[in-house]
Amino acid sequence: MVDDVLCDLDLDPQDHCFDTEGGYPSWALMRGSAQVFILFHNPENKSPYPHLQIFSPLLCLPNSVESSAILCYQLLELNASELSGGLAFGIRDKTVVLTASRSIQDLDASEFRSMLLLVGYYADLYDDILADKFGVERYGQP
């Protein structure tokens, strides 16, 4: 399914595929200025079905506690007002991420494609907006 959707987006799945410790294939691709990862995992092997996670690291948290608090508040507001399709901003290892996740049970290609396109669209949109507003580098910038 992933390969078919990536091909539909004119991307060669083999050029974007990499292995992870969990033994599931994973993919990394660019959507505008944002890097997007597609991962399958089974959290603590507690589910009979693996989970799909599509996420994009956007930017590092600001150094000041005050700026970080303001950013976190804005991310919560964006979660409640701007995002759709099960997307959410979060923080992972002091990095702001945009993520969508669900079990692969009954997942079809159109739902996967929608999740991927939404994460890519909003990540590309908000990485620049938030980095400029809070004076921090986008993820992956030197």
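The values are calculated or read from the model by the stated rules, or taken from the named source; none is laboratory data. Predicted model, so just to flag it, every value in this text is computed and none were measured. Cβ atoms come from the backbone with ideal geometry, glycine included; neighbour counts cover every protein chain shown. All accessible areas refer to the heavy atoms of the entire protein, side chains included, with ligands and DNA or RNA removed. Shrake-Rupley method; radii C 1.70, N 1.55, O 1.52, S 1.80 Å.
Go through segment 93-133 and give me each residue that's outside any strand (DSSP E or B) and among the β-branched types (V, I, T). Step through it out loud before you land on a result.
Quick first cut of segment 93-133, residues outside any strand (DSSP E or B) only: 93-94, 104-133.
I104, V119, I129 - these are the residues of segment 93-133 that are outside any strand (DSSP E or B) and among the β-branched types (V, I, T).
Yes or no: segment 46-65 includes at least one residue that is within 22 Å of M1 (Cα to Cα), modelled with pLDDT under 95, in contact with a Gly (Cβ under 6 Å, 6 or more places away or on another chain) and not aromatic (F, W, Y).
No: zero hits.
If a residue must be open to solvent by 20 Å² or more (accessible area, probe 1.4 Å), assigned to a strand (DSSP E or B) and closer than 15 Å to D128 by Cα, how many such residues does segment 27-79 contain?
4
If you take the residues in segment 102-142 that are among the hydroxyl-bearing types (S, T, Y) and within 27 Å of S67 (Cβ to Cβ), which one is most open to solvent (accessible area, probe 1.4 Å)?
Y121
Which one is most open to solvent (accessible area, probe 1.4 Å) among residues in segment 88-101 that are touching a Cys at 6+ places or on another chain (Cβ under 8 Å) and at pLDDT 95 or above?
I91
Tally up the residues in segment 10-21 that are open to solvent by 60 Å² or more (accessible area, probe 1.4 Å), touching a strand residue (DSSP E or B) at 6+ places or on another chain (Cβ under 8 Å) and of a type outside the set (A, V, I, L, M, F, W, C), please.
Qualifying residue count, segment 10-21: 1.
At pLDDT 90 or above and either surrounded by fewer than 13 Cβ atoms within 10 Å (Cβ to Cβ) or over 19 Å from R113 (Cα atoms) (or both): does that describe D4?
no
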